[in-house]
Amino acid sequence: MVIGGGAREHALVARLASEPDASEVICAPGNPGISAIARTVPADVSRPDTLVTLAAREQIDFTVVGPEAPLSLGIADCFAADNRLLLGPTAAAARLESSKAFAKAFMDRHAVPTARFRVFDSADEALACVRSGEFGFPVVLKADGLAAGKGVVIANDEAQAEAGVTAAMIEGRFGDAGSRLVIEECLTGPEVSFFVISDGMRALPIGTAQDHKRIFDDDGGPNTGGMGAFAPSPLVDRAMHARVMRDIVEPVLAGMSAEGYPFQGFLYVGLMLTTSGPKVIEFNVRLGDPEAQVILPLLAAPVLPVLIAAARGQMLQSAIRLSEEKLVGVVIASRGYPESADSGRSISGIADAERTAGVSVYHAATASRNGQLVTAGGRVLTVVGRGDTFADAIDRAYAGVARISFDGMQYRKDIGKKALLEDRR
Ligand code: AMP
Ligand code: GLY
């Protein structure tokens with residue numbers, strides 16, 4: 001069973017359903033795209049107790065979790081208490097994502113490279129910190145808790161920083177998530193995402209990617225959940241890969257285990273490649289979306305046996321074969337995203353796009369209404385192109401996008417452009 005209902009979960013289900021060890025894959029709750037390749041069952045991902053009941057009713061042998069919410073709410077703890085096999089971190093281990101203050105203090109304890117920081121529970125002290133200019137400007141303010149990718153403010157000067165502190169800690173813009181604030185130095189450099197599977201001790205790297213977080217071309221406009229991604233990242237060569245494993249992934253896993261909450265599941269390390277080396281921007285305790293859509297298809301060997309071994313704490317494999325191909329995924333979003341999202345618009349052309357060579361389409365916010373596929377939220381689809389070069393993969397992804405239409409659709413035209421530039425270095 002795969003928990004979740006976005007394009008990341010569509011990619012997971014597509015992958016797992018194609019593997020020899022899976023007799024059947026079901027998805028809870030899934031979406032119309034997923035229901036074309038697997039059975040979907042209604043589910044409330046914010047209620048881990050009901051998901052255990054569902055797993056029992058459906059006689060599920062193994063569960064994989066897509067999004068962070070059920071993990072931070074303790075789905076892994078609930079399944080373990082019922083002796084059910086699931087891959088995903090416990091709520092205590094999921095704090096690497098659900099509490100930025102926890103993640104930062106943990107990195108401090110284990111000498112994992114990250115931006116210099118301080119944690120504040122008092123608005124007065126946070127204001128004093130930004131007024132002192134201790135971290136210089138720009139300075140970065142982060143709400144402690146989960147804020148759907150919107151809890152980070154990069155303040156260019158003291159006035160913006162004061163406004164950010166006030167909004168988070170006094171006006172409650174991020175709700176409870178912002179009552180505690182991390183203030184940190186602003187790093188510069190390209191951002192890359194680095195993914196591993198862990199069984200609690202050991203790490204199996206499964207690839208790298210680069211996301212496109214801003215809504216508009218050339219990284220303009222507000223942050224989103226991610227408007228497109230490519231894999232692998234040309235910036236992570238063999239030496240960089242080894243350095244990230246040695247200086248970041250291994251100490252993190254060893255530290256989590258030593259502190260009594262070993263990390264099992266997908267670990268997504270968000271890195272900034274600074275002039276003084278790779279530094280952690282954030283951890284996520286799950287696959288990324290849209291990164292999963294470009295990483296999973298590159299795994300050139302079955303992944304289900306690895307996931308099961310990791311969930312059992314017995315992952316003996318330390319590497320998995322990766323394809324040499326390049327993948328580029330373009331997210332198609334609704335009018336108004338990310339501030340709001342239009343919905344209920346008829347979508348056409350998906351079947352056409354899927355018939356294009358080297359193109360896959362994954363559903364996110366789609367719904368079926370009277371037999372017609374319609375939009376149902378912000379990020380609607382991810383169209384992925386694969387090829388021997390990034391140029392081919394880009395052409396294919398956009399050839400797929402060109403077949404699809406709905407009223408108000410928006411997408412970036414420059415996904416993968418960075419890969420072309422970086423690849424040429
Ligand atoms: P997060 O929600 O932690 O992923 O942060 C959102 C975005 O803010 C990241 O993708 C970065 O682009 C940016 N960011 C976060 N922390 C820093 C930092 N210390 N320095 C510069 N940019 C940052
Ligand atoms: N694409 C960013 C994330 O999944 O968090």
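State yes or no: is ALA76 among the aliphatic types (A, V, I, L, M) and farther than 13 Å from ILE3 by Cβ? Against the criterion (among the aliphatic types (A, V, I, L, M) and farther than 13 Å from ILE3 by Cβ), ALA76 does not qualify. Apart from one condition, GLY200 fits all of (1) within 16 Å of ligand 2 (Cβ to nearest atom); (2) within 25 Å of ALA69 (Cα to Cα); the exception is (1).
Of the residues making up the range 26-62, those that are surrounded by fewer than 24 Cβ atoms within 10 Å (Cβ to Cβ) and of a type in the set (Val, Ile, Thr) are ILE26, ILE37, THR40, VAL41, VAL45, THR50, VAL52, THR53, ILE60. Pairing residues of the range 198-223 that are under 23 Å from ILE394 (Cβ atoms) and touching a residue at least 24 places away in the same chain (Cβ under 8 Å) with residues that are more than 15 Å from ligand 1 (Cβ to nearest atom) and among the acidic types (Asp, Glu), at Cβ distances under 9 Å and at least 6 apart in sequence or on separate chains, gives GLN210/GLU422; HIS212/ASP414; ASP217/ASP414; ASP218/ASP414. Summed over the range 295-318, residues that are in contact with a Pro (Cβ under 9 Å, 6 or more places away or on another chain) and not aliphatic (A, V, I, L, M) total 4. Annotation: GLY88 fulfils all but one of (1) within 25 Å of VAL269 (Cβ to Cβ); (2) surrounded by fewer than 22 Cβ atoms within 10 Å (Cβ to Cβ); the unmet one is (2). Annotation: GLU339 fulfils all but one of (1) of a type in the set (Asp, Glu); (2) surrounded by 15 or more Cβ atoms within 10 Å (Cβ to Cβ); (3) at pLDDT below 95; the unmet one is (2).
Test of understanding: among ALA419, ALA397, ALA391, which residue is surrounded by fewer than 22 Cβ atoms within 10 Å (Cβ to Cβ), of a type in the set (A, V, I, L, M) and either in a helix (DSSP H, G or I) or at pLDDT 95 or above (or both)?
None of the others qualify; the one that does is ALA391.
Scanning the range 163-190 for residues being within 16 Å of ligand 2 (Cβ to nearest atom) and surrounded by 17 or more Cβ atoms within 10 Å (Cβ to Cβ) gives a total of 1. Restricting to the range 106-155, what's the tally of residues that are touching a Phe, Trp or Tyr at 6+ places or on another chain (Cβ under 6 Å) and either surrounded by fewer than 21 Cβ atoms within 10 Å (Cβ to Cβ) or not in a strand (DSSP E or B) (or both)? Here the count works out to 3.
Checking each residue in the range 3-56 for being within 17 Å of LEU296 (Cα to Cα), within 16 Å of ligand 2 (Cβ to nearest atom) and among the hydrophobic types (A, V, I, L, M, F, W, C) picks out ILE3, ALA7, ALA11, LEU12.
Restricting VAL244, VAL280, VAL236, VAL249 to residues that are within 16 Å of ligand 2 (Cβ to nearest atom), crowded, with 16+ Cβ neighbours inside 10 Å and β-branched (Val, Ile, Thr) narrows the list to VAL280. Scan the range 342-353 residue by residue and report those that are part of a loop (DSSP other than H, G, I, E, B) and under 21 Å from ALA397 (Cα atoms). Result: ILE347, GLY349.
Looking at the range 41-101, the helices (runs of 4 or more DSSP H) lying wholly inside it that each contain 2 or more residues that are in contact with a Gly (Cβ under 7 Å, 6 or more places away or on another chain) sit at 75-81.
The values are calculated or read from the model by the stated rules, or taken from the named source; none is laboratory data. Just so we're clear, the structure is a prediction, and the values are computed from it rather than from any experiment. Here Cβ is always computed from backbone atoms with ideal geometry, including for glycine, and neighbour counts include all displayed protein chains.
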